[in-house]
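The values are calculated or read from the model by the stated rules, or taken from the named source; none is laboratory data. This structure is a prediction, so every number in the text was calculated from the model and none was measured. Note that each Cβ is placed from the backbone with ideal geometry, even for glycine, and that neighbours are counted across all protein chains shown. Surface accessibility is based on the protein's heavy atoms, side chains included, excluding ligands, DNA and RNA. Shrake-Rupley method; radii C 1.70, N 1.55, O 1.52, S 1.80 Å.
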Amino acid sequence: WGKAAKKDECLEKRGVLWSEEPGHSFSVRGAQHPNAMATPSPAKSMGDPGITPLSPTHILKDPDENEQSSQSYVVVVAIDFGTTSSGYAYAFTKEPECIHTMRRWEGGDPGVSNQKTPTTILLTPDRKFHSFGYAARDFYHDLDPTESKQWLYLEKFKMKLHTTANLSIDTDLHAANGKKVKALDIFAYALAFFKEQALKELSDQAGAEFDNADVRWVITVPAIWKMPAKQFMREAAYKAGLVSRDNPDQLIIALEPEAASIYCRKLRLHQMVDLNSKTSLNGYSPTETPGVAMSQAKEHVRRNRQSRTFLVENVVGELWSELTEGDRYVVVDCGGGTVDLTVHQIRLPEGHLKELYKASGGPYGSIGIDYEFEQLLCKIFGQDFIDQFKIKRPAAWVDLMIAFESRKRAAAPDRSNPLNINLPFSFIDYYKKFRGHSVEHALRKSNVDFVKWSSQGMLRMSPDAMNALFKPTIDHIIQHLTELFDRPEVTDIKFLFLVGGFAESSLLQQAVHNMLQGRSRIIIPHDVGLTILKGAVLFGLDPSVIKVRRSPLTYGVGVLNRFVEGKHPPDKMLVKDGTRWCTDVFDTFISADQSVALGETVKRSYTPAKPSQQVIVIHVYCSEKESVRFITDAGVRKCGTLKLDVSGTQSPAARREIQTLMQFGDTEIRAMAVDVATSRSVKASIDFLSQ
């Protein structure tokens with residue numbers, strides 16, 4: 001991007017580069033109507049004369065553009081910002097084989113390994129950041145109920161980015177007490193917290209203040225997130241001061257299944273469980289059920305966890321060496337919020353990854369089980385009571401969910417003894433005040449027969465009752481996997497890597513095993529909840545390993561074409577100076593699901609429809625549909641504008657050539673327009689967040 005930017009300076013003073021103007025937003029016209037023809041023509045109403053294509057597209061592969069080696073970093077720090085838990089890990093570029101996971105956290109829960117901390121955040125009553133993770137949870141829990149109503153406590157808020165239809169910089173979140181807070185602030189607070197923790201740990205190790213400029217940051221996001229959500233994460237990182245807008249390459253937004261994939265390539269046989277093989281892994285005896293092998297593996301990991309450093313040997317793992325050119329494998333990333341399915345293909349000799357089929361999945365993470373548990377409580381105690389209890393005793397509600405969490409982790413296909421869940425005293429107490437009778441009475445009265453009251457003051461759930469809570473979520477995942485494996489692109493899958501925190505569930509493992517019936521080998525890395533974190537560090541050390549992705553959207557610009565009778569709709573005709581034009585034509589740069597090499601540049605040439613134009617405006621549009629004819633089609637939205645001022649200059653050619661380039665990066669797409677005659681240029685980042 002540096003090459004054509006020499007003449008930017010004179011333009012910038014006039015404020016033409018809107019991407020540099022703070023707070024600049026533009027309106028999206030049309031594109032919102034389900035009925036495409038009803039949309040007024042943007043080109044006619046805007047009154048700018050527009051541009052017309054001059055040349056066919058050619059793709060530029062500039063070998064030097066991809067190498068971002070101009071800047072060297074001392075360390076790579078990856079942040080796994082999860083729905084339920086988060087953490088960071090790092091590696092020094094001088095010793096890339098040592099991946100260090102973050103320090104042990106204060107607090108911690110029974111039955112939950114402490115390598116990550118809960119994604120919970122607490123703000124003071126005047127909305128200042130107070131604490132994150134276990135610290136936030138414990139502090140909030142210890143507050144007096146009257147006081148805790150004033151504090152703002154948030155958990156599991158990451159899903160909001162996936163579920164909000166028209167996400168913007170102004171999207172709100174709701175704290176436990178019902179008050180609204182800006183999502184961007186919360187995400188920025190969380191990232192700033194991790195930045196501070198990581199730099200502190202690095203400084204302690206170095207024995208001197210560690211400079212943020214020496215850190216390359218990597219943040220992981222689900223592959224199925226739409227572009228606005230991915231951009232939102234980057235905006236939050238700018239706000240948190242992880243990196244500055246002037247140096248966007250210091251931050252890589254990595255896709256979670258890609259990170260998992262990179263780590264899985266390094267797996268040695270002693271670092272994983274193969275559900276299909278009855279042979280021993282880790283020198284353990286083979287077992288019939290997935291659950292036992294997994295718990296033995298966990299014990300093995302726990303013993304080795306005293307060191308927080310993982311050695312990643314600079315070799316290809318044994319499993320990987322079985323893969324040959326063109327082999328395919330699936331990564332199933334099961335997290336707290338989402339499940340992401342990605343199909344990758346191997347490209348030798350370097351073993352680069354190629355994404356074969358665009359990421360699919362949905363909001364079927366393990367919090368679905370928490371939701372089912374909540375529904376069960378509503379059935380027993382009444383929705384009205386549960387809603388009230390959550391607002392009046394928010395800390396006790398959090399307590400109850402923590403108690404449920406550890407029992408949830410104890411669920412297994414072959415379990416026969418019941419699971420006991422402690423009900424907080426304030427739940428029992430508040431219910432009696434609210435209803436006038438006891439919790440025990442409610443359980444007897446409700447027709448939920450597999451949940452009983454134990455004399456120790458606990459809810460006693462039969463294993464079937466617990467398994468029923470898992471069923472809707474697991475069914476969704478299995479349905480998705482079945483659909484994926486039925487696709488023609490998805491034949492001969494050699495391995496299925498099951499990763500993410502939810503992958504620890506033996507109920508899920510068994511369901512996947514039963515569905516595949518030996519069609520591909522199911523591999524579960526040890527310490528499966530840290531797979532993505534470790535892979536993200538490896539990705540930051542060598543970003544070139546991912547070579548080809550599928551574009552999630554179709555991108556193009558709005559142009560005028562010569563009007564052709566019978567081909568173009570009559571209502572699109574515009575007559576200018578005796579020439580008949582067809583307006584609102586969507587000139588495609590790249591289509592949804594098309595393969596894009598990272599760093600690839602697509603270039604087009606246009607010419608002003610009216611030769612005397614002083615300012616040339618190019619609007620960039622996107623759509624989820626693969627083929628788009630007009631910018632007024634349903635589902636098309638404007639996502640960027642390039643304004644090129646050519647006033648006071650002459651073009652030696654009869655028709656002035658304006659080159660438009662789009663470069664497809666990690667999650668950022670950059671656009672640039674160049675006036676060939678004068679080399680004047682203007683740049684913009686595509687903006688998915690402005691409404």
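In the stretch 564-617, what trypsin sites (Lys or Arg not before Pro) fall in a loop by DSSP, with at most 13 other Cβ atoms inside 10 Å?
Loop-located and lightly packed - Lys567.
Summary of the geometry: the stretch 506-566 and the stretch 189-224, compared by the centres of their Cα atoms, lie 26 Å apart. Taking Cβ atoms as reference points and 13 Å as the exclusive limit, the residues near Ser446 contribute a net charge of +3, counting Lys and Arg as +1 and Asp and Glu as -1. Please label the shape of the stretch 553-685 as rounded, prolate or oblate, based on the square roots a ≥ b ≥ c of the eigenvalues of the alpha-carbon gyration tensor (a/c under 1.5 means rounded; beyond that, a/b larger than b/c means prolate, else oblate). The shape class here is oblate.
Protection proxy ranking, highest mean first, for peptides 624-636, 535-547, 441-453, 195-207: 535-547, 624-636, 195-207, 441-453, where packing is the per-residue count of other beta-carbon atoms within 10 Å, averaged.
Probe radius 1.4 Å, ligands and nucleic acids ignored: give me the carbon and sulfur share of the accessible area of the stretch 555-681 as a rounded percent. Show your work: numbers first, answer last.
Working: 2440 of 4890 Å².
Its accessible area is 50 percent carbon and sulfur atoms.
Per-residue Karplus couplings for the stretch 164-180, computed as 6.51 cos²θ - 1.76 cosθ + 1.60 with θ equal to phi - 60°, are listed in order as 7, 5, 10, 4, 9, 4, 9, 4, 9, 10, 10, 7, 4, 8, x, 6, 8 Hz, Gly and Pro entered as x.
What does DSSP give for the stretch 124-281 in terms of the percent of beta bridges that are antiparallel, rounded to the nearest 5?
Percent antiparallel among DSSP bridges in the stretch 124-281 is about 40.
Which entries in Lys160/Lys354; Lys94/Lys354; Lys156/Lys390; Lys156/Lys433; Lys158/Lys392; Lys408/Lys534 show an alpha-carbon gap greater than 20 Å? With Cα atoms farther than 20 Å apart: Lys160/Lys354; Lys94/Lys354; Lys156/Lys433; Lys158/Lys392; Lys408/Lys534. Of the GluC sites (Glu not before Pro) found in the stretch 482-580, those that fall in a DSSP loop while having at most 13 other beta-carbon atoms within 10 Å are Glu489, Glu565.
When only Cα pairs below 8 angstrom with a gap of at least 6 residues are kept, the stretch 553-685 shows a relative contact order of 25 percent. Note that the stretch 413-424 has calculated 3J(HN,Hα) couplings of x, 9, 6, 10, 8, x, 10, 9, 10, 5, 8, x Hz, one per residue in order, obtained from phi through the Karplus relation 6.51 cos²θ - 1.76 cosθ + 1.60 (θ = phi - 60°); glycine and proline are x. At the residue level, Met515 shows approximately 30 square angstrom of accessible surface with a 1.4 angstrom probe and all protein chains present.
Distances between every pair of Cα atoms in the stretch 75-255, grouped in 10 Å steps from 0 to the bin holding the largest one, split as 9, 36, 37, 16, 2, 0 percent. A straight Cα-to-Cα reach below 22 Å connects Lys603 with the lysines Lys3, Lys6, Lys7, Lys61, Lys547, Lys625, Lys638, Lys643, Lys683, residues fewer than 8 places away in its own chain not being considered. Amide H to amide H, with H built 1.01 Å from N, Ser86 comes under 5 Å of Thr117, Thr119, counting only residues 5 or more places away or on other chains. Summarising the amide proton neighbourhood of Val646: residues at separation of 5 or more, or on other chains, whose placed amide H is nearer than 5 Å comprise Val615, Ile616.
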